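The values are calculated or read from the model by the stated rules, or taken from the named source; none is laboratory data. Bear in mind that the values here come from a model prediction, so they are computed numbers and not experimental data. Cβ sites come from the backbone with ideal geometry, for glycine too, and all protein chains shown count toward neighbours.
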Amino acid sequence: MDKVFRGLEFLGSGVSALPLPREFYLGDPAEVARDLLGKILVRVIDGHRLSCKIVEVEAYYGPEDPASRARKGGDLRRVMFGGVGIALIYGIHRQWLLNIVAHEEGKPGAVLIRSGEPLEGVELMKKFRGIDDPHLLTSGPGRLTKAMNIDKRLHGKPVYVMDYGLWIEKGEKVPSKLIERSHRIGVSEDLPIPLRFYVRDNAYVSRK
C-alpha cells in the first residue's frame, strides 16, 4: 500500500488524485464508454506513477451481444454479471486486454479500454514495451496493457480504489463534437449499432 501512495507524490497538472466512484460505472455500457473518453487511467508500480488519457473504448453487453465474453461460461461471464467498476482482464493473441465492468442493475456489460495518450511515466512505458516511438506505446489494447504493466494479477480488482495500483481518475470531459464512433474492431460478428468510441484526430487512437 505504501508503494501505491508514494506514487501519488507526482501528479500531473489538473489531475485529480481520487479515483472515479463505483457509481460512475453503473449504467448502459455504451454511455459509460463514451464518458470514459478523456478520463485518466493510472498505474502505480513500485512508487512510479504511469498514466494515460483514455482516447478509445468499446462497449460490450450480455449474451445477446455476439462479441461479448458473457456468451461463454466461466469466470469472465461471472465477473461481467457481477459488481461494476471491476477490472476484467483476459488474454488474446498473447496480449492482455483491460476491460472495466459497467452495466445497469441486473444486467451484464463491460468497456474495453483500447487506447490511451501517455501522460506520465513515458520512459518506463518505453522500457516495458521495448520501443522508443511514443505513438506506438499505448495505441491499441495489448500495447496499452504492456506499456502500463497490466496483467492477469489485476483481474477482479476494483478500479474505484487505490489499493491495487490501478484506477481511473476524473480527467476531462470530451465534447460530443469531438467523439467519433464505429463498429468494434476485430470481432467476427457485431451488433448493428456502432459501439466503438474514440477522440477525433487523436494521434494515439489505434485505428481511424
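Selection of first residues in region 153-175 that are on the phi > 0 side of the Ramachandran plot and of second residues that are surrounded by fewer than 19 Cβ atoms within 10 Å (Cβ to Cβ) and of a type in the set (G, A, S), restricted to Cβ pairs under 9 Å at least 6 apart or on distinct chains, gives the following pairs, ordered by first then second residue: G156/G82; G171/G14; G171/S16.
Do the conditions hold for P108, that is, is it in contact with a Ser or Thr (Cβ under 8 Å, 6 or more places away or on another chain) and under 21 Å from A30 (Cα atoms)? It would help to see each step written out before you state the result.
Details: in contact with a Ser or Thr (Cβ under 8 Å, 6 or more places away or on another chain): yes; under 21 Å from A30 (Cα atoms): yes.
So P108 passes the test.
The strands (runs of 3 or more DSSP E) located wholly in region 121-202 that include 3 or more residues which are buried (at least 16 other Cβ atoms within 10 Å of the Cβ), modelled with pLDDT of 95 or more and among the hydrophobic types (A, V, I, L, M, F, W, C) occupy 166-169.
All of H93, H48, H103 fail the test of being touching a helix residue (DSSP H, G or I) at 6+ places or on another chain (Cβ under 8 Å), under 23 Å from L191 (Cβ atoms) and surrounded by fewer than 22 Cβ atoms within 10 Å (Cβ to Cβ), apart from H93. Hey, can you tell me all the residues within region 32-45 that are surrounded by fewer than 21 Cβ atoms within 10 Å (Cβ to Cβ), closer than 17 Å to Y204 by Cα and charged (D, E, K, R)? Once the filter is applied, which keeps residues that are surrounded by fewer than 21 Cβ atoms within 10 Å (Cβ to Cβ), closer than 17 Å to Y204 by Cα and charged (D, E, K, R), region 32-45 yields only R34.
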